[in-house]
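Everything below concerns the one structure shown next.
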Amino acid sequence: MVLAAFWVGVAAVAQAPLASPPHTTVVVFADHPQPAGEWPSLFAALRGSIADAAAETQAIDINAEVIRGDLVVPGLQVDASVSVYLHGDCNLEPQSRRYSSGVTLGWVTRVHGSIDPFIHVDCTRIGQVLGPPNFALNRDQRNAVMAEAIARVILHEWIHIATQSPAHGRHGMTKAQFGVNDLLPNRDQLVARLRGPR
Ligand SMILES: [Zn+2]
């Protein structure tokens, strides 16, 4: 799985000044085909979450480019890359179990003290945390809600990578634990915008 990351070449670049992070390319891979309409929703959600995270920390490149891993051209050269792996079921559909706290929604790994630029996201667990109130939504709304939650988890982990710090904050994207309100801070607006037939 991690092999896929080697499709993206990391070009040697001069050290960027601290205030401006290197131009980052985020490459998103999915274990399973995404539901129809989920990719555009995820890209839109990531744009919003990147802006929110960049407001919290200068370490996040607000102009980061996001691309699908399955559409990466071999030999692509980038300044810096972050690879995201979506695991499990990214369909927001009724599930038999529901978790509310203490589950791992996303993770990064630290090797020899350095946090690798690989983000893992557990879509199934995210769906379980979002829970029944979101299962009754129409397809567009479910895509948007799931995409928003995935994007928030990605940005949480990305901040660990960008700052090279495992530290957590008390508020916002860096909180150690995400509940439904952290995953979907603007749920009502999101859902209202996509109101339509089921
Ligand atoms: Zn964390």
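Values quoted throughout were computed directly from the atomic coordinates according to the rules given, and no laboratory measurement underlies them. Nothing here was measured: the structure is a model prediction, and the numbers come from that model. Cβ coordinates were reconstructed from backbone atoms using ideal geometry, including for glycine residues, and neighbour counts include every protein chain displayed.
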Sort the following peptides by mean Cβ neighbour count (other Cβ atoms within 10 Å, averaged over residues), highest first: 37-46, 181-190. 37-46, 181-190
Taking the alpha-carbon centre of each part, the distance from the stretch 134-169 to the stretch 59-77 in Å is 18 Å
Taking max minus min of the Cα coordinates of the stretch 137-198 on each principal axis, largest first, gives extents in Å of 45, 18, 14
Stick to the Cα atoms of the stretch 94-198, pair each with every other, and give me the Kirkwood hydrodynamic radius in Å at one decimal. 14.6 Å
HN-Hα J in Hz across the stretch 52-57 - Karplus 6.51, -1.76, 1.60, θ = phi - 60°, x for Gly and Pro: 4, 5, 5, 6, 7, 8
